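The values are calculated or read from the model by the stated rules, or taken from the named source; none is laboratory data. Since the structure is predicted, the reported quantities are computational estimates derived from the model, not experimental observations. A quick note on method: Cβ atoms are made from the backbone with ideal geometry, for glycine too, and the neighbour counts reach across all protein chains shown.
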Amino acid sequence: MRKCIVILFCVFALFQANAQFFDNTLVKVRPFKFFFNPNIGLEKPLSSMFSLTTEVAYRRFDNFSDGSLDGQFFNESTTFLGDASKRKFNGVEFAFGARMYLITIPTKELEGYYWIAPFGLYYEAIVDYGHSWAYDMQIYDYGRSVSADANWPYYRADVRLDNLSLIMMIGYQSNFMNTLSIDLNIGARYYCVSSDKREVVSANPTDDGINCGDVIRDKNPRWRVAGRFTIGYYIRYDWMKKRR
């Protein structure tokens with residue numbers, strides 16, 4: 001009990017010591033993604049036009065829902081319909097971005113005061129890195145259908161996925177009651193690095209080209225449409241600052 005009290009006191013003291021940093025900062029979450037991939041982000045304005053963003057997320061997805069895999073990985077078990085079942089990946093994702101706001105919005109209540117970032121219309125550039133993994137996967141030849149009685153050549157491998165992408169977006173962030181924010185944006189994502197590394201742990205004798213211990217890599221740079229819906233909590237000790 002005493003340890004918990006000490007930890008809470010230290011956290012509170014640290015927060016108070018860094019109050020200046022958290023002033024005018026948004027704590028954000030993507031709600032539609034959160035239930036499957038828990039995430040949290042921060043946006044820290046640096047001026048009336050610029051802010052920095054960051055996000056960290058836990059990734060959990062199946063082999064059919066990630067574009068870099070193209071359905072080539074399958075688990076050895078099958079569903080009651082005879083189709084190969086999905087295999088879950090686990091991983092982490094980190095994103096760092098910079099925003100330029102295009103408009104500062106004057107308030108009507110107090111003449112001479114202005115909203116500063118993080119609200120209004122903006123452009124944003126993001127660097128996003130994700131690393132995911134799954135172990136002892138049964139993998140079939142790319143592009144072939146798999147059924148319960150098929151004898152396609154296959155092998156088993158530990159799989160690791162690495163994605164490094166650049167995202168360019170335009171969006172608008174609204175403020176509600178100086179407490180909540182809603183952020184909508186859309187743009188394009190380019191996967192400049194999108195690779196999977198497969199370390200073979202066993203191979204079917206019918207597949208002579210792959211041996212246990214082999215390391216296989218595939219790369220798949222590609223474009224995708226990007227879009228996000230985010231809600232946030234606005235931390236502001238001095239919630240209005242006069243423009244000089």
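What is the residue count in the range 211-234 for residues that are surrounded by 13 or more Cβ atoms within 10 Å (Cβ to Cβ) and closer than 13 Å to Gly41 by Cα?
Going through the range 211-234 one residue at a time, the tally reaches 6.
Can you tell me how many residues in the range 146-170 are more than 22 Å from Ile210 (Cβ to Cβ) and modelled with pLDDT of 85 or more?
8
Does any residue of the range 113-121 turn out to be touching a Phe, Trp or Tyr at 6+ places or on another chain (Cβ under 8 Å), in a strand (DSSP E or B) and modelled with pLDDT of 50 or more?
Yes; the residues of the range 113-121 include at least one that is touching a Phe, Trp or Tyr at 6+ places or on another chain (Cβ under 8 Å), in a strand (DSSP E or B) and modelled with pLDDT of 50 or more.
Check the range 70-77 and report whether any residue there is polar (S, T, N, Q), modelled with pLDDT under 60, within 27 Å of Gly187 (Cβ to Cβ) and crowded, with 17+ Cβ neighbours inside 10 Å.
Scanning the range 70-77 turns up no residue that is polar (S, T, N, Q), modelled with pLDDT under 60, within 27 Å of Gly187 (Cβ to Cβ) and crowded, with 17+ Cβ neighbours inside 10 Å.
Residue by residue through the range 160-187, note down the ones that are touching a Leu at 6+ places or on another chain (Cβ under 9 Å) and closer than 22 Å to Phe61 by Cβ.
Across the range 160-187, the qualifying residue is only Leu161.
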